[in-house]
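Here, each number is a calculation from the coordinates, and none is a lab measurement. Please read all numbers here as calculations on a predicted model, not as lab measurements. Backbone-built Cβ (ideal geometry, glycine too); neighbour counts: all protein chains shown.
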């Protein structure tokens, strides 16, 4: 069970949630970057790498029987805040193409470097799978 937390009188959040309360099995997805499953970069473009990183998150969630709808927290580490802000429309399109309209609590941090030299973004996620209903009620 997920409950979005939005204080009365606050302007609606766009593309993220201010907070989420959840109960169930926790799934932690380590930081995913914009390379494919063979650890090869197919592009140096920020949007292409972001889309691939999101797909990687999606694929790891599926291993736990989860999907984007179970995400409660997402942290993005980016190299260039200005590029992030300048390309928000494209980012939103890439996000929705992979994750749909599921917006967890989110933090985005500009960092100096990532461990992989070609990486322009790294995304980590926490998801919660709801507890299965008890057959005993």
Report summary line: Note: residue 97 to residue 111 extended length (0.36 nm per residue) minus current alpha-carbon separation gives 2.5 nm
Query raised in the report: Label residue 131 and residue 26 with points 7 Å out from Cα along Cα→Cβ: what is the distance between them in nm?
Result: 1.6
Report summary line: Note on segment 57-120: contact order normalised by length, alpha-carbon pairs under 8 Å, 6 or more apart, percent, works out to 46
Query raised in the report: When the distances between all Cα atoms of segment 44-105 are binned every 5 Å from zero, what whole-number percent does each bin get?
Result: 4, 17, 28, 28, 15, 7, 2, 0
**Report entry** FRET efficiency for residue 44 and residue 16, using Cβ-Cβ distance with R0 set to 30 Å, rounded to 0.05
**Finding:** 0.70
Report summary line: So residue 3 and residue 82, fully extended at 0.36 nm per residue minus their Cα-Cα distance, gain in nm 25.2 nm
Query raised in the report: Across segment 76-137, how large is the tail of the calculated P(r) beyond 16 Å, expressed as a percent of all Cα pairs?
Result: 59
Query raised in the report: Dividing the alpha-carbon Rg of the chain by 2.2 N^0.38 Å yields what?
Result: 1.10
